[in-house]
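First up is the structure itself, then whatever we jot down about it.
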Amino acid sequence: MADSSTPSFKAADLVIQLTSSPKTKPDIGDFGTVFTDHMLVIEWSLAEGWEAPLIRPFGNLSLHPACSSLHYGIQLFEGFKAYRGDDDQLRLFRPMLNMNRMAKSAKRACLPAFDQAELLECIRRLVEVDQDWVPHSDLASLYVRPTFIGTEPSLGLKKPTRALLYVILSQAGFYFKTKAEAVSLWADPKFTRAWKGGTGDCKMGGNYGCSLSAQYEAEDHGCQQVLWLYGDDHQITEAGTMNVFLHWINENGEEELATPPLDGIILPGVTRQSILELTRQWGEFEVTERYITMDQLCSALKQQRVKEMFGSGTACMICPVGHVVYQGENLHIPHQDAQLTSRIAKELTDIQYGRTPCDWTLLV
């Protein structure tokens, strides 16, 4: 968290301007297409510092045509969710982890520092204002999208002297079109998502836009997502926009849940961290952060040592993997029972919707 000496906006200065024409709330559509009535905006300039936070009616932004976020990708974003529990209480799931990751991404992008706790309180107030948009369902939620962009009105590549931090809210159903089906992945080393010394461990838009070409090639090969590989040994890193987990009997004959380590090319996912902490609390099998190569996966599949493989993320939460297409082979991943996947998903959703009391949630 930023220390008390960090110049920052304050939630106590928040100004709220309510819309005079609330929208009719439609049925929950595709992910990220239905937005609420209000948004949070906070402007910064080198000359004036942070302005007072403002909650205002949802609307378009006005940007200079030379805006540095448009030309040089000086921007970042975050994503987490608000859930309506069985008790009708609204809960945010581990939002301070997102705030801390956002601050780290901002430092990497040369955007100004801010107090994470103050931003979280402003977001909590925004969700409170638009609380009627949070679905009355344990199959849907409200997606929170904080965004931070450089608004430097110059084509010179330099540290921005102007920036805009804003937050929008969107109703969220299932990220994938089908809930139950396991996802299929295309693994080809010719594409690389991130590299050592890059920004793969930050949540920046450039990490995602450049993945589209590979994504559509994956679809041409009959797959839904890309399994991103790295290095000459074809290390498994991420799947689409998800962290990856492998539940297997490892080379030493031990039952293990493994996920790639945070070595600078892996996004430190909040769901990833939660799965690691949750399964370590069980103490039922080894839970490790280790490198996994495609050769190791292929050998384990041939020897029938693979139990499950799944992706994790805020949008999809838990997504079982059913097939991996790699070097001309269609590798079948066991997923019919999906006992671990189902158990993790249930325990996490029970926390998110308040059925299991836990300090991982923040009441709105």
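Readers should treat all values here as calculations from the given coordinates under stated rules, not as data from a laboratory. Keep in mind that this is a model prediction, so the values were computed, not measured. Cβ: placed from backbone, ideal geometry, glycine included. Neighbour counts: every protein chain shown.
First select every other residue whose beta carbon is under 10 angstrom from the beta carbon of PRO189; then total the charges, Lys and Arg +1, Asp and Glu -1.
Computed value for this residue: -2.
Can you give the FRET efficiency for GLN131 and LYS10, using 1/(1 + (r/R0)^6), R0 = 22 Å, r = Cβ-Cβ distance, to the nearest 0.05?
Working from the Cβ atoms, E equals 0.45.
Just need the relative contact order of the chain here, percent rounded to a whole number, with Cα pairs under 8 Å and 6+ apart.
18
Which lysines does LYS25 reach when only Cα atoms under 19 Å apart count, and residues fewer than 8 places away in its own chain are ignored?
LYS81
Counting only helical runs of four or more DSSP H residues, what would the 222 nm mean residue ellipticity of the chain come to if each run contributes -39,500 (n - 2.57) and the total is spread over all its residues?
It lands at -6500 deg cm²/dmol.
Say we join alpha carbon atoms closer than 10 Å with springs in a Gaussian network model of the chain; which of GLU238, GLU254, GLU308 then has the biggest fluctuation?
Result: GLU254 has the largest fluctuation of those listed.
Specify the angular offset, from 0 to 90 degrees and rounded to the nearest 10, of the alpha carbon long axis of helix 95-108 from the longest principal axis of the alpha carbons in the chain.
80
By how many degrees, 0 to 90 and rounded to 10, does the Cα axis of helix 339-352 deviate from the longest principal axis of the chain?
20
Given Cα pairs under 8 Å that are at least 6 residues apart, what percent is the relative contact order of region 42-109?
With pairs under 8 Å counted, the relative contact order is 21 percent.
Given the options SER20, SER312, SER299, state which has the largest fluctuation in a GNM of the chain using a 10 Å cut-off (strictly under) for Cα springs.
Sorting by GNM fluctuation, first place goes to SER20.
Considering only DSSP beta bridges whose two residues both sit in region 183-352, what percent are antiparallel, to the nearest 5?
70
As I understand it, the value is the acute angle between the Cα axis of helix 116-129 and the longest principal axis of the Cα atoms of the chain; what does it come to in degrees, rounded to 10?
Relative to the chain, helix 116-129 is tipped by roughly 80 degrees.
Taking LYS159 as the anchor, which lysines have their alpha carbon closer than 22 Å to its alpha carbon, excluding any fewer than eight residues away along the same chain?
LYS104, LYS107, LYS203
What are the residues whose amide H is under 5 Å from the amide H of ASP115, where those residues sit 5 or more places off or on another chain and H is modelled from the backbone?
Those qualifying (amide H under 5 Å, at least 5 residues apart or on another chain) are PHE9.
Dipole of the chain, Cα-centred, from +1 at each Lys and Arg C-beta and -1 at each Asp and Glu C-beta, to the nearest 20 debye?
760
Where in region 261-364 are there chymotrypsin sites (Phe, Trp or Tyr not before Pro) that are in a DSSP coil and have at most 15 other Cβ atoms within 10 angstrom of their Cβ?
Of the chymotrypsin sites (Phe, Trp or Tyr not before Pro), the ones in loops of region 261-364 whose Cβ has at most 15 other Cβ atoms within 10 Å are TYR291.
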